[in-house]
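Notes for the one structure printed next.
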Amino acid sequence: MSQEASIPQQDFRNAMSVCAAGVHVITTDGAAGRYGITMTAVSSVTDTPPTLILCINRRSLILPVLLENGRLCVNVLAANQQDVAEHFAGMTKLSPEERFEYHIWHRGSTGQLQVEGALAHLHGKVVQNQTVGTHEVFFVEIEEIHVHQKELDNEPALVYFRRQFGGLS
């Protein structure tokens, strides 16, 4: 890696805030328990095999749970699911367990929780992780995908831009 950057952390954060990003709730359930977190740092890596990358702050409470469970669901949120994003981002006073009580959840065939009304659900397993700076970078191989195109054809996606949620058609 390169030498310590001289770019101020806040300048970097401000620049990233003007990069519109899709909003996801990542859920994991297994031997270590269940947990969920709102994320925008989710991106595709390759389609052969279908793989995503997730970047999670190492101080996040989901980290030890996800590392032990090894499986997750990426819930791609629709614009009308801003409340889901706020709950799992910790913007409300709900405990991590209570967050699951305010929405309708189903289990995919992998056993992971998926929120009803999401534009898509991508279920996968962690195949690699690496520490980079303040974050843990996870490579997730996708095992099951549900895209809810017909039911939600005209539903805009939930995006995060300039530190605010909004809809994108």
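The values are calculated or read from the model by the stated rules, or taken from the named source; none is laboratory data. None of the values given here were measured: they were computed from a predicted structure. Virtual Cβ from ideal backbone geometry, glycine too; neighbours counted across all protein chains shown. Accessible surface areas use protein heavy atoms only, side chains included; no ligands, DNA or RNA. Shrake-Rupley method; radii C 1.70, N 1.55, O 1.52, S 1.80 Å.
Counting Lys and Arg as +1 and Asp and Glu as -1, what is the net charge of the other residues whose Cβ lies under 14 Å from the Cβ of THR92? Mind dumping the intermediate values first?
Working: positive: LYS93, ARG99; negative: ASP83, GLU86, GLU97, GLU98, GLU101.
Residues close to THR92 contribute a combined charge of -3.
When the chain is treated as a Gaussian network with alpha carbon springs shorter than 10 Å, the biggest mean-square fluctuation among ALA120, ALA32, ALA157 belongs to ALA32. At a Förster distance of 35 Å, what's the computed FRET efficiency of GLU143 paired with ASN80, Cβ-Cβ distance as r, to 0.05? For R0 = 35 Å, the calculated efficiency reads 0.80. Counted by Cβ distance under 14 Å from LEU72, the other residues give a net charge of -2, where Lys and Arg count +1 and Asp and Glu count -1.
Working out 0.36 nm times the residue gap between MET91 and ALA15, then minus their Cα-Cα distance, what length gain in nm do you get to one decimal? Don't skip to the answer; put the middle values down first.
On the way: separation 76, 0.36 × 76 = 27.36 nm, distance 2.24 nm.
Contour length minus the Cα-Cα distance gives 25.1 nm.
So if R0 is 41 Å, what FRET efficiency would LEU67 and SER6 give, r being the distance between their Cβ atoms, rounded to the nearest 0.05?
In this case the efficiency is close to 0.80.
Per the 1.4 Å probe, what fraction of the accessible area of the chain, in percent, lies on carbon and sulfur atoms? Present the calculation step by step, with values, prior to reporting the outcome.
Values: 5000 of 9790 Å².
C and S atoms contribute 51 percent here.
In terms of accessible area, using a 1.4 Å probe and ignoring ligands and nucleic acids, VAL76, VAL147 rank largest first as VAL147, VAL76.
With 0.36 nm allotted per residue and the present C-alpha distance subtracted, the ALA32-ILE104 stretch has 23.7 nm of extension available.
Normalised by the number of residues in the chain, what is the relative contact order in percent for Cα pairs under 8 Å and 6+ residues apart? Please list the in-between numbers first.
Values: 334 pairs, mean separation 45.3, N = 169.
The normalised contact order for the chain reaches 27 percent.
Under the convention that each Lys and Arg Cβ holds +1 and each Asp and Glu Cβ holds -1, the size of the dipole of region 45-169 around its Cα centre is about 440 debye. Averaged over its residues, region 9-162 has an accessible area of 53 Å² per residue, based on protein heavy atoms and a 1.4 Å probe.
Give the value in nm², to one decimal: projected area of the alpha carbon convex hull of region 9-162, averaged over all directions. Spell out each step's value before the answer.
Values: hull surface 37.4 nm².
So the mean shadow area of the Cα hull is 9.3 nm².
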